[in-house]
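The values are calculated or read from the model by the stated rules, or taken from the named source; none is laboratory data. Predicted, not measured: the structure shown is a model, and the values here were computed from it. Using ideal geometry, Cβ is built from the backbone for each residue, glycine included, and neighbour counts are taken over all protein chains shown. Heads up: the accessible areas ignore ligands, DNA and RNA and are worked out on the full protein's heavy atoms, side chains in. Shrake-Rupley method; radii C 1.70, N 1.55, O 1.52, S 1.80 Å.
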Amino acid sequence: MSDISTTEQELTKQEDYISRLEDILYLRAGNRQPLAFVHTYGCQQNVADSEKIKGMLVRSGCALTEQKEDADIIIFNTCAVREHAEDRVFGNVGALKALKKKKPSLLIGLCGCMMEQEHIADKIYKSFPYVGLVFGTHVIHKFPELLYHAVTDGKRVFERGNDDGQIYEGLPLHRDGSFKGWLPIMYGCDNFCTYCIVPHVRGRERSRRPGVILDEARSMVKAGFKDITLLGQNVNSYGKWLDEDVDFAGLLSDVAAIEGDFWVRFMTSHPKDASKKLIDTMAENPKICNHLHLPFQSGSDTILSRMNRRYTREKYLEIANYAKSRIPDLSLTSDVIVGFPGETEEDFQATLDLIREVKFTSLFTFIYSPRVGTPAAKFEDPYTHEVKARHMGELLRVQEEIAAQRCAAMVGRTYRVLVEEQAREGVLNSRTQNNIVVEIEAPAELIGSFREVEITEARNWILRGKLK
Ligand code: SAH
Ligand code: SF4
Ligand code: F3S
């Protein structure tokens, strides 16, 4: 729970640093507006954090740039969820050495989930001496102060590892989009799935107050946002520690009740806490998208139990089937891990069976990656990478077929879409409520608006449509 007076005091202190930074950063850039490059790895939680970091940079007088070669400040917001994610960060930080050599005043800062791991911060300290600032996920609100010290003290600044359990409301925010946006409703995670680093790097679960969430949602709708995603690692346990009588289904219907033409989505739902009430709320409310991202991770009860997921295959199927029966045209999407330590051929077949039974619209598929400090990293893992890669290939083939059938079944029907971005010359990508991308030939002026399209063609899982 936030202690409002301490967080307010802290924010006033940070405002003070912001005003001091303005002149300092301007002078450091050689008497011109300083340029900042912020790159985000990982999930939407990180994207939302980066929007705060950008907000603080802009308030300190910086302009944002997409070209790191031009930047005076480079920030990488990192992800620790799999080894591959970390390797990419190390590779890209390595590549910054040459830039730093060319421009010694360049400040390179690393933040986010990777930095909350001690062994990673140590490695950065020892092996990447040109990184001047490292800060973890718990001190984002102190970014102005840390930046100030990094540019004025002549010393490297490392600050991480102190989760004070607070939520700092009211930080400056620079949203990346103008019609599609993220709205964090909670932070951290208490679930400790045995493979997962997130609870270790994001701290304990805490929910924002419904009042601040609704105010933010109202201001987004007023500013023209058409697609709002409520974010949390497990949105279904929203409000657990609040002294107000709220739950996620209630919050969701309150957001949807805001006046205006917009859609609301959410992620991620943990199956152990997904309630029928939530599904009913989705079914009854046309502004809540008919898309449910419900990660199952494995179809085998033995593996689910060793993952500490706290639901069974049967329980998962029960809620998935209930959702399908209540919500017309529902898209169910999911995350699945292949090759969890000790996953046998039989366990893997149980996963394939579940995929065939549920018929997900799309899947995010991951090969298990051991994470330092998590219980599963010590589990016996007798199967080779070859076996895991073969399973992954098999799984992808099964899913591709399902996705293709699902897309083919949409041909000839008309859907409301939000036009999102240019795909290529003369072609735009649009998205249905149930999160399926439809290519349309249309002028770029339509980006950011709702339109009706008829699906004319499905090529594998790519849909084409024409404006009605
Ligand atoms: N809170 C979300 C997931 C966040 S992490 C949830 O519980 O659904 C996103 C996905 O990364 C997870 O769903 C899982 O499928 C995958 N993942 C997490 N840790 C992993 C690991 N060590 N190896 C492989 N995949 C992992
Ligand atoms: Fe990780 Fe599990 Fe928490 Fe999701 S619910 S973030 S998978 S520990
Ligand atoms: Fe990665 Fe952190 Fe998200 S580890 S997946 S960026 S919460």
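If a residue has to be under 15 Å from D254 (Cβ atoms) and assigned to a loop (DSSP other than H, G, I, E, B) to count, how many in the stretch 188-215 make the cut?
Result for the stretch 188-215: 2.
For the stretch 436-462, name all the residues that are in a loop (DSSP other than H, G, I, E, B) and either assigned by TED's automatic domain parsing to the domain that holds V221 or within 28 Å of the chain's Cα centre (by Cα) (or both).
Matches in the stretch 436-462: I436, I447, G448, S449, N460, W461.
Hey, does the stretch 359-373 have a residue that's open to solvent by less than 20 Å² (accessible area, probe 1.4 Å), part of a helix (DSSP H, G or I) and closer than 20 Å to C196 by Cα?
No, the conditions are met nowhere in the stretch 359-373.
Regarding the stretch 155-175, can at least one residue be identified that is in a helix (DSSP H, G or I) and either over 22 Å from the mean Cα position of the chain (by Cα) or not charged (D, E, K, R) (or both)?
No: the stretch 155-175 contains no residue that is in a helix (DSSP H, G or I) and either over 22 Å from the mean Cα position of the chain (by Cα) or not charged (D, E, K, R) (or both).
If you check L35 against the conditions, is it at pLDDT 95 or above and either among the charged types (D, E, K, R) or more than 16 Å from ligand 2 (Cβ to nearest atom) (or both)?
Taking the combined requirement at face value, the residue satisfies it.
Counting just the residues of the stretch 176-187 that are in a loop (DSSP other than H, G, I, E, B) and open to solvent by 40 Å² or more (accessible area, probe 1.4 Å), which one comes out farthest from E8 (Cα to Cα)?
For the stretch 176-187, the residue satisfying everything is S178.
Quick one: which residue in G112, G161 is more than 16 Å from ligand 2 (Cβ to nearest atom) and either open to solvent by 40 Å² or more (accessible area, probe 1.4 Å) or small (G, A, S) (or both)?
Only one candidate passes the filter, namely G161.
Out of (1) outside any helix (DSSP H, G or I); (2) buried (at least 19 other Cβ atoms within 10 Å of the Cβ); (3) out of contact with any strand residue (DSSP E or B) (no Cβ under 7 Å at 6 or more places or on another chain), what's the single condition that is false for V336?
The single condition V336 does not satisfy is (3).
Testing L173 on (1) away from ligand 3 (no atom under 16 Å from the Cβ); (2) open to solvent by less than 20 Å² (accessible area, probe 1.4 Å); (3) not small (G, A, S), one condition comes back false. Which one is that?
(2)
Quick check on my filter: what residues within the stretch 245-272 are among the aromatic types (F, W, Y) and within 16 Å of ligand 1 (Cβ to nearest atom)?
F248, F266
Mind checking which helices (runs of 4 or more DSSP H) fall wholly inside the stretch 1-96 and carry at least 2 residues that are free of Cβ contacts under 8 Å to residues at least 60 places away in the same chain and more than 30 Å from M186 (Cβ to Cβ)?
4-28, 83-94
Matching residues to (1) away from ligand 2 (no atom under 14 Å from the Cβ); (2) out of contact with any helix residue (DSSP H, G or I) (no Cβ under 8 Å at 6 or more places or on another chain); (3) within 17 Å of H270 (Cα to Cα); (4) not β-branched (V, I, T):
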residue	(1), (2), (3), (4)
D176	yes, no, no, yes
L183	yes, no, no, yes
G188	no, no, yes, yes
N191	no, no, yes, yes
V201	no, no, no, no
A217	yes, no, no, yes
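Considering E401, E420, which residue is in a strand (DSSP E or B) and either acidic (D, E) or out of contact with any Leu (no Cβ under 6 Å at 6 or more places or on another chain) (or both)?
Going through E401, E420 in turn, the sole match is E420.
Pairs please, first residue from the stretch 188-203 and within 7 Å of ligand 1 (Cβ to nearest atom) and open to solvent by 10 Å² or more (accessible area, probe 1.4 Å), second anywhere and of a type in the set (D, E) and in a loop (DSSP other than H, G, I, E, B), Cβ atoms under 6 Å, 6+ apart in sequence or on different chains.
C189/E205
Just wondering, is there one or more residues in the stretch 344-354 that are under 18 Å from H293 (Cβ atoms) and buried (at least 22 other Cβ atoms within 10 Å of the Cβ)?
Within the stretch 344-354, one or more residues are under 18 Å from H293 (Cβ atoms) and buried (at least 22 other Cβ atoms within 10 Å of the Cβ).
Examine the stretch 428-435 for a residue that is open to solvent by 30 Å² or more (accessible area, probe 1.4 Å), of a type outside the set (S, T, Y), on the phi > 0 side of the Ramachandran plot and outside any strand (DSSP E or B), and state whether such a residue exists.
yes
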